[in-house]
Amino acid sequence: MPQVVLITGASRGLGLALALRFLSRGDRVFGISRSKRHWAEALKKTQNSSRFSLAALDIQSEAAVKKYIQNLKRKAGRIDILINNAGYGGTLSRVENLPLREFERHLRANLLGTFLFCKHTLPIFRRQKGGLLLNIASMAAKRAVPRLAAYSAAKFGVLALGQAIAKENLDIFFKCITVCPGGMNTQMRSSLFGEEDARRQQSPDFVADIILQIVEDKIKLETGSDITIRHSKVTDIHVPPAN
Ligand SMILES: NC(=O)c1ccc[n+]([C@@H]2O[C@H](COP(=O)([O-])OP(=O)(O)OC[C@H]3O[C@@H](n4cnc5c(N)ncnc54)[C@H](OP(=O)(O)O)[C@@H]3O)[C@@H](O)[C@H]2O)c1
């Protein structure tokens, strides 16, 4: 049966690569981005599919997130899969030079936005007695990166959030998995480290293919697990202890 898939950050990069895969399975994909800047290209790549729609909202606004999810539930009837993918890379900076505002921006864009989508979708999953939640963290959630302290701290937080959510929802048919990609050839990577470096990174298409295998249970993961995908390989799968 076609599924209802909600993906944040679906206008480009990994989010768009994921949207394309779900569309090719016949699913309905609801994508979020902050701006409409990349919509024309995204709609072209998805061949203006009637099963794909994009909405512009800031994942950091609880009022906007709540309203969007309520409207989506009304329109689509259910939400089967939530992928918290939108993220913010910022710029490279040592901690002593990092402005407070920039540290806060990382926490809001990378952690709080994910929390808000989880908070307002989990009641729907509980009513349905099921759902799949995939939070896109980073290698930086497993091993902090110098000059990316705020990003790393926020992504460690995403990992912790996912583990707690998994343990809170053991009584329903629900899975929460944290995906930790290494560098990918996307705009985020090129604005941080330059285009030449970005071209040397794994393709977001490869990471999206692995994520689809998780969704389809071809890679079997226990709820609360995290999976690291680096240099176009699955390099680690970690199952947190029960207590
Ligand atoms: N690229 C890497 O090397 C890498 C490595 C490990 C993990 N990751 C993680 O993978 C995920 C996808 O990264 P990517 O490289 O594909 O990123 P990207 O190319 O920069 O795309 C980011 C997407 O998120 C949206 N977005 C950003 N902030 C938002 C906000 N506040 N509200 C709503 N939408 C927002 C953007 O929309 P707009 O275009 O409108 O801003 C865009 O659609 C992120 O969580 C990232 O941290 C990336």
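Based on what the data block shows, is Gln213 surrounded by fewer than 20 Cβ atoms within 10 Å (Cβ to Cβ), within 13 Å of the ligand (Cβ to nearest atom), polar (S, T, N, Q) and farther than 21 Å from Glu102 by Cβ?
Criteria not met by Gln213.
Just to be sure I understand, how many residues within the stretch 161-204 are buried (at least 18 other Cβ atoms within 10 Å of the Cβ), assigned to a helix (DSSP H, G or I), within 11 Å of the ligand (Cβ to nearest atom) and of a type outside the set (A, V, I, L, M, F, W, C)?
Number of matching residues: 2.
Only one of these is over 26 Å from Asn97 (Cβ atoms) and either in contact (Cβ under 8 Å) with a residue 40 or more places away in the chain or surrounded by fewer than 15 Cβ atoms within 10 Å (Cβ to Cβ) (or both): Val158, Val207. Name it.
One residue alone meets the criteria, Val207.
Can you name the residue in the stretch 136-159 that is under 24 Å from Thr121 (Cβ atoms) and touching a Leu at 6+ places or on another chain (Cβ under 7 Å) and is also farthest from the ligand (Cβ to nearest atom) among such residues?
Gly157
Do you know which of the residues in the stretch 106-153 that are assigned to a strand (DSSP E or B) and of a type in the set (Gly, Ala, Ser) is surrounded by the fewest Cβ atoms within 10 Å (Cβ to Cβ)?
Gly130
Go through the stretch 169-192 and count every residue that is more than 18 Å from Gly15 (Cα to Cα) and touching a residue at least 40 places away in the same chain (Cβ under 8 Å).
The qualifying residues number 7.
Output the number of residues of the stretch 62-105 satisfying the condition of being assigned to a helix (DSSP H, G or I), in contact (Cβ under 8 Å) with a residue 40 or more places away in the chain, open to solvent by less than 70 Å² (accessible area, probe 1.4 Å) and hydrophobic (A, V, I, L, M, F, W, C).
Summing the residues that are assigned to a helix (DSSP H, G or I), in contact (Cβ under 8 Å) with a residue 40 or more places away in the chain, open to solvent by less than 70 Å² (accessible area, probe 1.4 Å) and hydrophobic (A, V, I, L, M, F, W, C) in the stretch 62-105 gives 4.
Those residues that are within 14 Å of the ligand (Cβ to nearest atom), exposed (fewer than 15 other Cβ atoms within 10 Å of the Cβ) and in a loop (DSSP other than H, G, I, E, B), I need them from the stretch 21-60; list them, please.
Ser35, Lys36, Arg37
Identify, please: which residue in the stretch 70-114 is within 16 Å of the ligand (Cβ to nearest atom) and among the basic types (Lys, Arg) and is, among those, nearest to the chain's Cα centre (by Cα)?
If we take residues in the stretch 70-114 being within 16 Å of the ligand (Cβ to nearest atom) and among the basic types (Lys, Arg), then Arg108 is nearest to the chain's Cα centre (by Cα).
Tell me yes or no: at least one residue of the stretch 3-11 is open to solvent by 50 Å² or more (accessible area, probe 1.4 Å) and either over 22 Å from Ile165 (Cβ atoms) or out of contact with any strand residue (DSSP E or B) (no Cβ under 8 Å at 6 or more places or on another chain) (or both).
No: zero hits.
The values are calculated or read from the model by the stated rules, or taken from the named source; none is laboratory data. Note that the structure is predicted; figures quoted are calculated from it, not measured. Virtual Cβ from ideal backbone geometry, glycine too; neighbours counted across all protein chains shown. Calculation scope for accessible area: heavy atoms of the full protein, side chains included, ligands and nucleic acids excluded. Shrake-Rupley method; radii C 1.70, N 1.55, O 1.52, S 1.80 Å.
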